[in-house]
Amino acid sequence: MKRIVFLLVVFTLLLAACAPASPLPSGEGQGEGSQPAATNPPVATDAPIVAGEFDLNNWDSVLATAKGQTINWYIWGGSDSINAYVDNFYGKALKERYGITLNRVPLADTADAVNQVLSEKQAGTDPGSVDLIWINGENFFTLKQADMLYKDWAQKIPNAKLVNWENPAINLDFGHPVDNQESPWSSAQFQFIHDSARTNKDELPHSYAELKDWACTHPGRFTYIDPSGSGGFLGVRFIKGALYEISGGAEQWQKFDQALWDQHSPALWAYLSDLEPCLWRNGETYPKDESELVNLFANSEVDLSMTNDITGAGRWISDGRMPETARAFVFDNYMIGDFNYVAIPLNAPNKAAALVLANLLLEPEFQAAQILPENGFGLGYAIDVTRVTDTSALSALETAASQLGDAATPASDLAKSLVGDSAAEYQGLLEQDWLTFVLQK
């Protein structure tokens with residue numbers, strides 16, 4: 001049975017690698033946020049004037065240059081558990097194995113790091129202050145357009161061989177080519193969470209149409225996250241899924257088409273407007289992020305929550321913020337899944353250390369650790385596990401997959417419902433039009 005569970009997880013992630021994808025952390029995120037992230041992120045002050053020379057085709061030279069460097073990793077900081085995971089797992093390994101010091105710079109929004117890099121470009125600051133960014137397609141595309149990304153590196157780090165670069169879920173990010181300028185870290189898929197002690201699984205909705213009926217039959221027991229703010233990633237993903245169902249499919253949204261948006265968005269806003277009076281507080285206010293929604297769910301103010309975690313409700317149960325009876329589930333279709341990435345700015349002061357960390361993120365032992373609920377990260381594999389040949393590494397991946405437990409959505413359900421994200425250009429349209437046609441109408 002353990003082997004079957006592992007293969008189902010592998011199957012799900014391989015299917016994810018066949019769907020056009022987007023990254024997770026647009027500064028929105030997934031976490032509880034009891035430790036506030038920096039609205040104006042601190043700028044690293046100890047960056048060296050010269051980053052050091054190395055040959056990217058000679059990994060030993062990269063390691064030699066990286067030794068003694070401090071890497072300034074600008075990363076969404078709204079989750080205490082993710083912050084702790086990064087510090088305890090990667091920070092410790094970087095120091096002990098490579099002599100590298102990790103300086104995690106927490107962000108309220110990934111766009112803050114992008115703006116930092118663009119400001120440095122305008123000021124002619126080189127080297128800058130940002131070494132690595134946990135990034136999403138929209139922000140990646142902005143830096144790529146500005147020609148401020150380190151080029152031709154992602155497929156040259158040693159663990160790149162574990163990544164299936166031929167699949168569009170990896171080589172396309174919000175519909176835009178990665179072009180060897182960012183490396184994947186993990187994967188995610190949108191899911192709902194219910195409490196099996198107070199909601200009957202057989203009565204749960206399995207489509208957006210059924211959700212509206214369910215919500216209006218249980219008035220005030222459902223809400224979704226405000227998609228317009230820095231913590232709105234899951235809200236955006238929820239609304240995109242509704243758009244897919246209402247418009248009759250996901251594939252047509254992989255490339256930007258203003259006429260397509262103009263054709264189908266009115267029906268989307270009509271759906272959400274019809275749903276609004278059935279929502280928590282009659283839709284007059286919405287939770288700003290996942291943490292607020294989790295609090296509403298834990299306090300029994302609403303009956304459904306949302307997550308991107310491969311662990312389903314597992315991480316929240318481990319944190320003591322959800323009951324042991326919490327369970328994740330998905331609709332029959334239009335549950336958006338993707339990969340997320342790290343990128344190195346062109347003016348990064350410590351590129352060698354950034355390369356070492358990007359490679360470390362793909363190590364099978366850390367890929368296995370990141371899916372375990374108790375470790376606090378909870379996102380899925382970025383590597384293609386069928387490419388892992390080391391027996392101990394395979395064993396670690398298999399063991400981790402078998403420990404997801406009942407709180408996670410069955411891998412077969414994830415695979416069946418999986419679709420890719422839309423082109424990046426729809427993001428701003430969705431956020432602004434939601435404010436106009438739903439919140440402020």
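Read-outs throughout are calculated quantities, based only on the coordinates presented, and are distinct from any laboratory measurement. In this text, all values refer to a predicted model and were calculated from it rather than measured experimentally. Glycine also receives a Cβ, built like all others from the backbone with ideal geometry; neighbour counts cover every protein chain displayed.
Numbers for the structure displayed
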quantity: Spherically averaged projected area of region 119-273 from its Cα convex hull (nm²); calculated: 13.2 nm²
quantity: For Ile100, distant residues with modelled amide H under 5 Å away; calculated: Gly68, Lys95
quantity: Separation in nanometres of the label points that stand 7 Å from Cα toward Cβ, at Phe437 and Asp390; calculated: 5.0 nm
quantity: Coarse-grained scattering of region 244-321 at q = 0.13, 0.23, 0.24, 0.25 Å⁻¹, given as base-10 log I(q)/I(0) from a Debye sum over alpha-carbon atoms; calculated: -0.62, -1.04, -1.06, -1.09
quantity: Candidate values (1) 54, 28, 20; (2) 35, 24, 20; (3) 46, 26, 20, label of the one derived for semi-axes √(5λ) of the Cα gyration tensor in Å; calculated: (2)
quantity: Rg ratio (alpha-carbon, reference 2.2 N^0.38 Å) - region 290-363; calculated: 1.57
quantity: Integer Hz, Karplus 6.51/-1.76/1.60 couplings in order for region 235-250, x for Gly and Pro; calculated: x, 4, 5, 4, 5, 4, x, 4, 4, 4, 5, 5, 8, x, x, 9
quantity: Against the rule of thumb 2.2 N^0.38 Å, how large the Cα Rg of region 400-441 comes out; calculated: 1.89
quantity: Choice from Leu56, Leu293, Leu243 with maximal GNM fluctuation in the chain (Cα, 10 Å cutoff); calculated: Leu56
quantity: Those trypsin sites (Lys or Arg not before Pro) in region 242-343 that DSSP places in a loop and that have at most 15 other beta carbons within 10 Å; calculated: Lys255
quantity: Partners for Lys161 among aspartates and glutamates (Cα-Cα distance below 20 Å; same-chain residues under 8 apart left out); calculated: Asp55, Asp60, Asp152, Asp173, Asp179, Glu182, Asp338, Glu363, Glu365, Asp384, Asp390, Glu398
quantity: Per-pair calculated FRET efficiency, R0 = 45 Å: Thr399 and Asp147 via Cβ, rounded to 0.05; calculated: 0.55
quantity: Computed lengthening from His264 to Ala84, 0.36 nm per intervening residue step minus Cα-Cα distance; calculated: 60.6 nm
quantity: Relative packing of peptides 368-376, 117-125, 73-81 - highest average C-beta neighbours within 10 Å first; calculated: 73-81, 368-376, 117-125
quantity: Cα Rg, Dmax, region 45-176, angstrom units; calculated: 15.5, 39
quantity: Helix-only mean residue ellipticity at 222 nm for the chain, each DSSP H run of n ≥ 4 adding -39500 (n - 2.57), per residue, nearest 500; calculated: -11000 deg cm²/dmol
quantity: Over 26 Å between alpha carbons, listed pairs Lys121/Lys288; Lys151/Lys288; Lys240/Lys288; Lys212/Lys441; Lys144/Lys441; calculated: Lys121/Lys288; Lys151/Lys288; Lys144/Lys441
quantity: In sequence order, calculated HN-Hα J values of region 279-291 (Karplus, 6.51, -1.76, 1.60; Hz; x Gly/Pro); calculated: 7, 3, 6, 6, x, 6, 8, 10, x, 7, 7, 5, 4
